[in-house]
Each structure stands twice: as C-alpha cells, then as structure tokens.
Amino acid sequence: MSVQSDTEELTETDVVVVGGGLAGLTTALGLALEGTDVVVVEKSPRLGGRAQSWVDETTGDPVHIGPHILLSEYPNMLRLLEILGTEDRVIWQNDHFLTLTEGERAIPTEQWSLPAPLHFMPTFILDDRTTLPEKLSNFPVTLYAMQMQEADVLRLDGMNAYAFLRRMGVSRRYIADFWSFMCMAIMNVPIELCSAGALMRFYKRFIGHSGFSFGFPDGGLGDLFAPDAKRMIEQAGQQVMLESEVVAFSGDEDRVTGVKLADGRRIEAQKTVAALPPQALRALSRSEWVDRHRLFADLVHFQPCPYVSSFVWFDRKLTDLKMWARVHSPNDLNCDFYDLSNIHRGWEDRPSVITSNIIYCERAAGMSDEEIVEATVGEIAEFLPAASMDRVEHWVVNRIPMAIHCPFPGTERRRPPVNTPIGDLWVAGDWTRTGLPSSMESACMSGWMVAEQIQEDLGRGRPSLVVEYPEVEGVTGLVNRTSRYLPGRNLRRWMRGIRQRVSEEIAS
Ligand SMILES: Cc1cc2nc3c(=O)[nH]c(=O)nc-3n(C[C@H](O)[C@H](O)[C@H](O)COP(=O)(O)OP(=O)(O)OC[C@H]3O[C@@H](n4cnc5c(N)ncnc54)[C@H](O)[C@@H]3O)c2cc1C
C-alpha cells in the first residue's frame with residue numbers, strides 16, 4: 001500500500017471496502033487474513049453500521065442502536081466472532097425458547113427433543129389460543145414448506161404472504177396468532193406486505209432444524225465485533241479509515257478503479273467492494289449503470305424498514321426474564337422486549353433496564369420521544385404491572401431510518417449476487433442474495449462470499465470462508481429429499497395436489 005502526496009492525496013491498495021458495518025468488516029477481515037492489502041472506508045466516526053453501539057453518557061451503560069438477537073443458526077456470524085475471539089460474549093437463552101405475553105399471561109414456547117418439525121409439536125398442540133381445526137388448517141402449508149426448493153421461493157416471491165396462506169387454507173385466526181407475529185418479528189413487515197417466498201423460506205428453516213436458541217450480546221452489540229475486527233485488520237498491516245465518506249467510484253461505466261472521498265482524497269484499488277445498504281449504493285451509482293444493469297435499476301425497490309428502539313432504566317427489578325415478545329396486534333407499538341439486567345454478566349443485582357423494538361414503525365412517526373417512552377412503559381406494565389413512569393430513572397429513544405430492507409413481494413428475486421456486471425466492483429450487505437432474511441448473519445455471509453471471490457479473482461486461490469447451511473433435518477429433511485417419491489399413491493397425489501394449487505395461485 002503506498003500513499004503519495006500530489007495535488008490530492010492518493011492511496012493505492014489491492015481492495016477498498018466501502019462501509020464499516022458487519023458486511024464490510026467481515027469482507028476486510030477475510031481478505032486481510034489471507035494477506036491481501038485492504039482499506040476500509042467508513043463515513044461515520046464509529047464502526048458497526050446498523051449493528052453499532054455506544055456508551056450512554058448519563059449512566060455509562062452500553063446502548064445498542066436497538067436490541068438485536070443472534071440465533072444459534074448464525075454460523076457465518078459465529079465464525080466471525082470465533083476468529084475475533086469474542087464468541088463467549090454471546091449470552092445464550094438455553095433454558096427455554098421464547099416467552100410470548102398476552103396481558104399478564106406468559107405463554108412459554110418450548111422445543112422438545114424430537115426430530116424437526118416435531119420439536120414444536122407439543123407447544124403447537126398445547127397452545128390454547130387456537131382450536132384444533134384452526135391448527136390443522138396450517139398442515140398443508142407446513143407440508144408444502146417441508147418439500148420446498150429455492151426455485152419455489154422465487155416463484156412465490158410475487159405473492160403477498162397473507163394471500164398465499166389464505167389460499168392454502170390457513171384459517172384467519174391461525175394467521176393472526178402465529179403467522180402475523182412471525183412475519184413482523186422476523187421479516188419486519190406486516191404479513192399483507194411480505195413476500196410469500198421470503199416468509200416460506202424462513203419457515204422451512206424454522207421447521208427444519210431443532211434446537212434453536214436466541215443469543216444476546218453481553219454488553220454493547222458493536223463491541224462484539226467492531227473493535228476486534230479493526231485491531232486484527234490493522235495488525236495484518238491494513239487500514240481502517242473512519243469519518244471518510246465516499247462520494248464517487250473512480251473508473252468508467254464498465255470498470256471501477258477505486259473511490260473518491262468527500263475531502264478530496266482518492267483510493268485506487270484493483271477491486272472495490274460496496275458494503276453499503278441499497279440506498280447508499282444507489283446514491284453512488286453512475287446513471288449509465290442504472291440505465292444498463294438490472295442490479296442498479298432495481299436498487300430503488302429496496303425500501304427501508306424503519307425502527308424505533310427504546311431503552312428504559314427502572315428503579316427496581318421487574319422480572320427475571322431475559323426476553324419476551326407480545327402476541328401480535330397491529331395496533332401495538334413494541335414487538336420484542338429484553339431486560340439487560342438479566343442478560344449482561346455482573347448485572348444480576350441491578351434494577352431492570354428494558355429495551356424494546358417498534359418494528360416497521362410508521363405508527364410511531366407522529367409521537368414525541370416522551371410519548372413513545374410512556375406508551376412503551378404502558379406496554380411493559382401490561383405484562384409487568386410493577387412498571388410505571390414513576391419508576392423510570394432514565395430513558396433513551398433511537399429512531400432508526402432503516403433496520404433492514406422491507407421484504408415486499410418481488411424483492412427476493414431482486415436481491416443481487418455479490419459479483420456485479422461492472423468490472424472489479426462487488427457488493428456486500430444483508431440485502432444481497434444469501435438465501436437468508438436480511439440480518440447480521442446475511443451481512444456476514446455476504447462478506448465471506450466477497451472475500452472468497454476476490455481472492456480467487458486476484459489469482460490467490462479460493463479460501464473457504466463461507467459456512468454453508470446444513471440441509472433441513474429430521475422429518476422435514478426426509479420430506480424435502482423424498483417428497484417426489486412419497487410411498488403410496490394417495491399421499492403422492494395429495495402432495496402433487498398441494499403443489500398444483502400453489503402453481504395455480506401463482507399463475508392467477
Ligand atoms: C434496531 C435494529 C434491530 C435489528 N435486529 C436484528 C436482529 O435482532 N437480528 C439480526 O440478525 N439483525 C438485526 N438487525 C439488522 C442488522 O443490524 C443488519 O442486517 C446488519 O447490521 C447490516 O449490516 P451491513 O454491513 O449489511 O450494513 P450496515 O450495517 O448498514 O453497514 C453499512 C456501512 O456503510 C457506511 N456507509 C454508508 N454510506 C457510506 C459512504 N458513502 N461512504 C462510506 N461509508 C458509508 C454506513 O455508515 C455503515 O456503517 C437489526 C437492525 C436494527 C437497526
């Protein structure tokens with residue numbers, strides 16, 4: 001890497017990575033550890049992007065941009081943490097799966113030691129919010145998900161999930177109780193606005209693996225990866241530049257040769273990685289790219305899903321739960337709640353610090369921060385009646401323009417692969433075509449993908465960085481592998497009938 005002074009400062013490197021979020025840092029680390037020269041350029045003074053955290057000035061406590069969960073099924077993010085030596089800073093909830101709440105009532109959802117999807121069967125049967133016929137109405141769609149392949153996801157992408165479930169015969173009540181919650185919590189949009197393909201792909205994974213657990217950062221979310229990634233990249237002799245905004249790509253309509261920064265500096269690179277959210281990439285894209293290439297023309301379809309996250313410090317302990325979620329109601333504000341005093345090591349004796357997410361939060365747009373905190377404390381109090389504004393010592397409200405892109409119908413098939421039609425330009429980020437919901441895991445996976453491809457493109461061999469997902473297991477796995485050869489004419493005909501129904505729905 002060389003730096004020259006001319007009229008404008010110039011840095012030369014093998015690879016420039018634009019964006020210091022999870023995708024950018026994963027890419028840069030993957031390359032740096034393989035001995036490739038890399039410069040990371042981040043516009044903000046802090047690394048971590050949408051998974052950043054900082055210290056609250058009043059309390060000295062870490063505050064995330066908003067509470068995040070990891071899943072035990074995040075092999076690519078866990079690989080990053082393992083390399084950084086921080087995987088022991090994830091606190092896993094292993095004693096139960098999830099607590100749903102309805103008023104003061106806690107509805108535990110457990111997983112049993114049974115092959116997938118039977119691991120959820122006792123919880124499913126014991127759930128008294130729906131009748132047996134309503135539960136059974138979900139059976140055909142479950143069977144359909146079990147045999148789904150990636151091509152089915154893309155075929156279903158044009159439909160909205162509500163219409164798909166209804167036409168598959170799922171009862172309104174079952175959709176309201178189960179699917180609407182899953183859609184909002186995981187896909188982050190109301191079910192009527194969600195791609196059926198994106199939702200069904202997640203459902204297949206959900207019913208295809210047993211032993212899921214949720215994990216939470218012990219301390220600041222960004223501290224799980226950002227400082228150690230920076231340290232390791234720099235120890236490998238590479239560079240991480242903060243407060244350095246990229247304002248343009250260098251090169252021409254066919255090839256990118258580096259980037260230009262807002263302060264006039266330039267970085268010349270053999271390869272450029274845009275580890276940016278779609279809107280930021282669009283702002284930097286040349287108009288010829290938008291005119292000529294679908295990837296760039298399609299960026300406009302990745303609409304941001306805004307969040308509001310609150311942190312509320314109470315004067316007393318309110319619960320011993322780490323996490324809970326309200327059963328879904330479209331008029332609720334918050335979806336998921338976390339008591340950090342039961343998560344962070346050494347905080348056991350502290351009063352509750354409850355943080356929560358308002359997902360797809362346009363219904364909070366007209367509310368002041370004070371009104372949001374009051375309404376949030378009201379929702380906490382429905383489950384924990386000891387909570388009240390009199391017991392609040394401090395609060396923080398974060399308004400986040402984009403947590404992920406909205407998986408609206410038609411979006412899934414627009415998610416691009418990481419290599420672009422422009423020479424020497426790659427894209428990384430949670431929104432790229434990873435086959436996963438937009439998430440920290442998707443961001444990390446895309447980062448490993450780009451690092452692998454660039455190493456190979458530079459003629460330095462292809463390292464093995466991406467952790468591939470295991471196939472679905474248990475009964476789901478069996479159905480997935482053999483549904484076309486089901487024993488028994490009736491069963492085979494029945495399955496074919498379900499597939500045909502789906503095809504007809506898509507065609508209509
Ligand atoms: C409140 C909230 C809750 C969430 N909950 C979860 C959860 O529970 N589980 C989960 O897995 N995921 C969750 N997510 C999503 C997760 O945080 C993101 O999917 C992930 O962090 C995206 O990483 P990324 O690297 O792809 O993008 P980003 O983190 O957005 O990184 C892009 C970086 O590029 C920088 N940048 C932009 N423009 C420029 C420019 N011109 N020049 C230089 N730098 C630039 C940005 O500052 C940013 O640092 C949540 C997100 C939020 C906000």
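Each value in this text was obtained by applying a stated rule to the coordinates, not by laboratory testing. Everything quoted here is computed from the prediction, not taken from an experiment. Positions of Cβ are generated from backbone atoms using ideal geometry, with glycine treated the same way; all protein chains shown enter the neighbour counts.
Most simply put, the range 1-131 has about 75% antiparallel DSSP beta bridges, counting only bridges with both residues inside it. With Cα atoms defining each centre, the range 92-135 and the range 24-49 are spaced 41 Å apart in the structure. At full extension, Arg231 and Ala163 could sit 19.6 nm farther apart than now, given 0.36 nm per residue minus the alpha carbon distance.
A compact globular protein would have a Cα radius of gyration near 2.2 N^0.38 Å; the ratio found for the range 46-102 is 1.37.
Each label point was placed 7 Å from the Cα along the Cα-to-Cβ direction; for Trp54 and Asn331 their separation is 3.6 nm. Semi-axes of the equivalent ellipsoid of the chain are 38, 31, 20 Å, computed as sqrt(5λ) over the eigenvalues of the C-alpha gyration tensor in descending order. Listed by chain and number, the lysines whose C-alpha is less than 21 Å from the C-alpha of Lys135, apart from same-chain residues fewer than 8 away, are Lys204.
In the range 88-166, one over the average inverse separation of all distinct C-alpha pairs is 15.4 Å, which is the Kirkwood hydrodynamic radius.
Note on the range 222-275 and the range 384-453: Cα centroid distance 20 Å, given to the nearest whole angstrom. Sequence-distant contacts, meaning Cα pairs under 8 Å at least 6 residues apart, place the relative contact order of the chain at 24 percent.
Subtracting the Cα-Cα distance of Glu374 and Met121 from their residue separation scaled by 0.36 nm leaves 87.3 nm.
Size descriptors for the range 120-183, from the alpha-carbon set: Rg then Dmax equal 12.2, 36 Å. Remark: spin-label model distance Thr109-Leu458 equals 4.3 nm, labels positioned 7 Å along the Cα→Cβ axis. Taking a span of 27 Å or more along the helix axis (Cα atoms) and a mean Kyte-Doolittle hydropathy of at least 0.0 as the rule, no DSSP H helix of the chain qualifies. Extension gain for the segment Asn398 to Arg292, taken as residue separation times 0.36 nm less the Cα-Cα distance, is 34.3 nm to one decimal. Using only the C-alpha atoms, the convex hull of the range 320-407 corresponds to 119 Å³ per residue.
The translational diffusion coefficient of the range 216-374, from Stokes-Einstein at 4 °C and 1.567 mPa s with a Kirkwood hydrodynamic radius over alpha carbon pairs, comes to 65 µm²/s.
In the range 76-122, what GluC sites (Glu not before Pro) fall in a loop by DSSP, with at most 15 other Cβ atoms inside 10 Å? Show your work: numbers first, answer last.
Working: sites: Glu82, Glu87, Glu102, Glu104, Glu110; in loops: Glu104, Glu110.
Within the range 76-122, the qualifying GluC sites (Glu not before Pro) (loop, at most 15 other Cβ atoms within 10 Å) are Glu104, Glu110.
Taken over the range 35-75, the ratio of Cα radius of gyration to 2.2 N^0.38 Å equals 1.60.
Where q = 0.18 Å⁻¹, what log10 of I(q)/I(0) comes from the Debye formula for the range 146-229, counting one point per Cα? Normalising to I(0) and taking log10 leaves -0.81. In this simple spin-label model, placing a label point 7 Å from the Cα along the Cα-to-Cβ direction at both Ser388 and Phe139 gives a separation of 5.0 nm. Taking a point 7 Å out from the Cα of Ser44 in the direction of its Cβ, the residues of the range 215-248 whose backbone N falls within less than 14 Å of it are 221-227, 242-245.
Summarising the amide proton neighbourhood of Met402: residues at separation of 5 or more, or on other chains, whose placed amide H is nearer than 5 Å comprise Tyr307. Volume of the convex hull of the range 390-429 (Cα atoms only), normalised per residue: 135 Å³. Across the chain, the longest run free of exposed loop sites, meaning trypsin sites (Lys or Arg not before Pro) lying outside DSSP classes H, G, I, E and B with no more than 11 other Cβ atoms within 10 Å, spans 1-315.
Taking 4 °C and 1.567 mPa s as the conditions, I'd like the Stokes-Einstein D for the range 256-325 in µm²/s, using the Kirkwood hydrodynamic radius from alpha carbon pairs.
Values: Rh = 16.5 Å.
In µm²/s, the coefficient rounds to 79.
Put simply, the Cα atoms of the range 5-156 extend 76, 48, 26 Å along their principal axes, the longest span coming first. Residue ranges 184-192, 11-19 sort as 11-19, 184-192 when ordered by packing (mean number of other C-beta atoms within 10 Å per residue, highest first).
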